[in-house]
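Working notes, structure below.
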Amino acid sequence: MAPLDKGKGKAGLDARYLPIEKAPPPPPKLSEPPRKQASKRQPEEQKTDDHDPKDDEPLPQRPSVGKDGQRTQLDANYFAIDLGKTYAIYVYNLSFAGGYAPGSKRRERRVLQLLLDQYPACKSAATDYRECLVSTEQLTEENFPTTLRVLYHEIGDPPSHGADALKYYVTVSYLKKLELGPLHDYLGESSPGSQYTAKDETVAALNLLLGRYTNQATHVSKIGRGRVFDQRTTHSLRQPLRGGLEAVVGFEKSVRIAKAGLLLNLSAATSAFYMPLQMDELIDQWTNEACPHNYQGGRYAYQVRHLAKLERFLKGLQVRATYAPRRFHSVWGIARASIGSNRPTSDQVTFDLEHKDEHGKVISRESITVLEYFKREHGIQDATDCLVVDVGSQDKSIFIPANLLNVLPGNFYRHVLLGAQQSTMIQFACRPARIGTPDSPTHNHGLITNSGVPMLGISAQRPLNGPYDCFGFNVESHMLRIHGRYLTAPALQYRAYNAGRPVAKPNKILLSNDTQRGAWNIHDCTLALSARGGKWSWIELTKGPPCDDVQRHVFLNAIEDGIKRYCSFDNTEPWDHPDGTSSHILPYPDGKIEKKKKTLQEYLNKFKGNVSILFVILPDKNIPQYAMLKLVADTLVGIQTTCVVRDPNWKKQEKETQGQPSTRAHNPRGRQQGYQQRSQPGHQQPGRPHQGNRQSDRQLTIKEQARAYQGKTQIKCKPEVIANIMQKVNVRLRGINTVLANAEDPKLFTRETMVVGADVTHPGVGSLDKCPSIAAVVCSTSAFFGHYTASLRCQGSKVERIETFTEMLVERLKYWKAKSEARSGAKSRAKYPERLVIFRDGVSEGQFQMILKQEWPQIQKACQETYTRAQQQLPKVLLMCVLKRHATRFFPRSGNDLRSENDQDMLGNPNCGLVVDQGVTYKDGYDFYLQSHAVIKGTARPAHYVVLVDELNLAPDIVQRETYQHCFLYGRCNRAIGIHPAARLADRACDRGRKYLQHVFSPENEGQRTFDRATPEDSGAWIQDVHDDLKNEMFFL
């Protein structure tokens, strides 16, 4: 490396080290106002904590590699890293000298970008642009800080030199040296159970080094730990979302230590960004999308709540002033207009302008509008009718008209997308896995290899491997080839159905050939075990005119037919309230939350005790209405409800004919399009004498009209829709939809096994401060594993650990024992399950130790409390985590000799049943990837199962095969799902808990921002569980 200075510096440093400045000058003047110093955060890639990796609980090791299934070859979105002769990484701490920081995150990042560019010794270094710098070459001596001078200039400006240049001083202090020799040895060892204690620190440092190329590029935006987006991407990789937003395709990268060695994981990612527009144009686009009714008389008249929404939409946005291109700002909020106006435009917003003398002393103040100020000071005349944006801080406001600000490229959108925006985003982000030509950018495989790899600076030329030559290691430019296996789909058992006629064989078996694609048809089947003894009825909540009478009966007739086929109710016809149809229709109550709850509770109590399940017709897809209904029905009344939504755009068809009902000669189905009605009085058919009151001339009842109706319905009631509804109803009323058929005796999920699912959901963007998290534990109750019950609890805000795991698991164990007593008929023979298989959902790889140290002791305590008291042997436990938010993707290889041509779907994804337990799995540990579902859209994301506790010691083939088979037993649909049903149901139970606190998780009141149970408004908020009548029911499905 070339020396920076001749000879030795003042401190005696060798020329290969960084130079030291004698003393930094006073803090320089900034062209942008200093801001309140933000609290220091730990670097995302280089987080440190006090725990010693040696204190971590050991993970169970993989007993062996699975062998069941048909072998195949795959491409995994991983790229091999060759460390070469790199044997150490040096870690340094960065701080700004002179007592003055840059004042903004954007400027701080720019200073550290220039630091790496201006010092050749930093060619082998990378930084997190906050506090950490790593290098493959030693930069300073130990315990000897070095101060570096950085000459500042903005992006696009020429470099500054001389005395007038803006200067910053950065202190570089040595922290530690990461030896890579042990990593080389660890990667080369084949024996299981070997440990490398510095794994997390080394991976974090390598992530920084491999991110230098993109992080130094000024046209690349970085989000979080490893997502990067090139703001110069072509039109095919961008999609307008309306409302001033656009979707941009980027990439997510991370370094991983796997069985195949040191790997770089690279996957496509899509995120929403603000469009780089003029600020007033951005505001107009947002208003047209979010508040379309505010435009009046050619001008926007904002309500206070809409201004609050707009302020949240704009806050933190990085902008540049058009009248002073060197001035960069961050939006703080929207200015407030003078009293009596709801339009904070430049002619309505005033502030006090201070006049100072030559000594800086304030001699007078003048109240002036923003419009007049810009006319006087800058000669700007065209800032009349636009909103005023505050780009100051909490302590000091700076007002600038919106048309004088430009939104910078790369502003990431962190809020929740609107409904139409979400649909567009999903449609754009769901790209096929691998179809068309191999190099096509429209599918993920080609996008990663042809756009993502070059974006990271990885070159296929050797030994010149782009920017990583200076680090001393290479990165492969082609995907890693691995082996996988396709498991055989299970056979499923239903009951045969023949339109009510007798059948020769009562059971209907769907063989693996029928289920191997992950979806199957039940048109000639009915459910395996039907719910019995139930009664049903309906209600309708309205906001305006109710549903058309005939259309409502079309739906009710379809439900009646579905109950006859799928369930065994005492009465297939709906229960009618004694007060008539009017008692089934209720206008949705208005007012405060407590008033809505009281009105709905009084209304639903009319049906309590008379029906087992209530079908609810909602006027539209309004989440708060649905949430309020579920809150009242589940927690206050204790009645099962199933909701459907009517089509708000449905229009009643015109009468095409009048007179006689249609005949089979004109309609093979014997039905008439539209409603059948009798002839008008006195009307006579041409050429035919009047024949009096014939049967065909009588007025048809509404139910008969509904039976005869054929056309577009106001409520969806196609056969497949009704079948889906009845599957939910059957399971909620303790029926079983499907069971595994012709399966070998299970080794994992035996009859005396209780399957447990656990999850925690947290507040999101827009939730109230101190909003609680919600934990759920669901458990199976039968040997068919088709029915689960749940316990729900609120807990501390954003606490991932399940705080009341012991309490909830004890509840479920006691119910299992009660069911055992009911089955055996004797209390003496009742017992707890002999084994527990627990699926923990919603955690990341960094939380495994939290589960082992905090949740696993709770599970053991729950077993001690119940089994010891019952003098029963403690159960054996298999505890697995289910990881969904990962970036691993698999692609079938073209020209693969180890698979048939039918081993991929139409989108280029592997078929369901793919299991991978080598190559990209953990170097030390017990994990596997399982793609158990058939993909409807986009690229398949397999579930990642990680075993944390294994007391069963079963072969991996058994665990993988039976976990895959259970994915076919999800009660809501006739499809295999992507994760085990216990984990999915725990997620649904948490989501139901969110509905109980809808006003807290997604508040409509913009003024209230803190949740406090001590206040009258929040004192009655839901805390835990549901009504006693539903505690042991599957209400959350």
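Rule-based calculations on the coordinates, nothing more; no lab input. Worth saying up front: this structure is predicted, and the values here are computed from it rather than measured. Using ideal geometry, Cβ is built from the backbone for each residue, glycine included, and neighbour counts are taken over all protein chains shown.
For the reader, a short list of remarks on this structure follows.
- Reciprocal of mean inverse Cα separation for segment 695-774 (Kirkwood radius, Å): 19.3
- For segment 469-606, diffusion coefficient by Stokes-Einstein and Kirkwood Rh (Cα), 25 °C, 0.890 mPa s, µm²/s: 119
- Cβ-derived FRET efficiency at R0 35 Å, A88 paired with H483, nearest 0.05: 0.55
- Test item: Cα-centred dipole of segment 515-635, Lys/Arg +1 and Asp/Glu -1 on Cβ, debye: 540
- The string of couplings for segment 397-409 from the Karplus curve (6.51, -1.76, 1.60, θ = phi - 60°) is 8, 10, 9, 9, x, 5, 6, 9, 10, 10, 6, 6, x Hz, one whole number per residue in order, with x for Gly and Pro.
- The residue among V388, V370, H359 whose Cα reaches farthest toward the positive pole of the charge dipole of segment 354-395, with charges on the beta-carbon of Lys, Arg, Asp and Glu, is H359.
- Judged by the gyration tensor of its Cα atoms, with axes a ≥ b ≥ c, segment 117-258 is oblate; a/c meets the 1.5 cut and b/c is at least as large as a/b.
- Inter-site label distance for N450 and K712 at 7 Å from Cα along Cβ, in nm: 4.0
- Relative to the current alpha-carbon distance between S582 and T1015, full extension at 0.36 nm per residue lengthens the span by 152.1 nm.
- Theoretical gain in end-to-end length, A420 to K651 [0.36 nm per residue, Cα-Cα removed]: 80.9 nm
- Spatial offset of segment 521-577 relative to segment 86-110 amounts to 66 Å, using the alpha carbon center of each.
- The residue list P182, Q138, L151 was ranked by how far each Cα lies along the charge dipole of segment 82-183 toward its positive end, using unit charges on Cβ atoms, and L151 comes out on top.
- Using θ = phi - 60° and Karplus 6.51 cos²θ - 1.76 cosθ + 1.60, couplings along segment 149-163 (whole Hz; Gly, Pro as x): 9, 10, 8, 8, 8, 7, 5, x, 8, x, x, 9, 9, x, 5
- Filter on K222/K253; K596/K995; K543/K651; K356/K396; K621/K884; K592/K995 - keep pairs with C-alpha separation over 19 Å: K621/K884
- Where labels lie 7 Å past Cα in the beta-carbon direction, separation of Q872 and E1004 in nm: 4.7
- All Cα pairs of segment 392-431, percent lying beyond 16 Å: 65
- Relative contact order of segment 523-576, defined on C-alpha pairs under 8 angstrom at six or more residues apart (%): 59
- Applied to segment 250-262, the Karplus parametrisation 6.51 cos²θ - 1.76 cosθ + 1.60 on θ = phi - 60° returns per-residue 3J(HN,Hα) values of x, 9, 10, 10, 6, 8, 9, 9, 10, 4, 7, x, 7 Hz, with x for Gly and Pro.
- When segment 73-157 is reduced to its Cα atoms, the Kirkwood hydrodynamic radius in Å: 15.1
- Each Lys or Arg adds one and each Asp or Glu takes one away; over the other residues whose Cβ falls under 10 Å from the Cβ of L408, this sums to +2.
- At full extension, K747 and A165 could sit 202.1 nm farther apart than now, given 0.36 nm per residue minus the alpha carbon distance.
- Count Lys and Arg as plus one, Asp and Glu as minus one, and take only other residues whose Cβ is under 11 Å from that of V248; the net charge is then +1.
- Cα-projected label distance for I509 with E865, points at 7 Å along beta-carbon direction, nm: 4.5
- Whichever aspartates and glutamates have a C-alpha closer than 14 Å to that of K861, once near sequence neighbours (fewer than 8 apart) are set aside: E803, E807, E811
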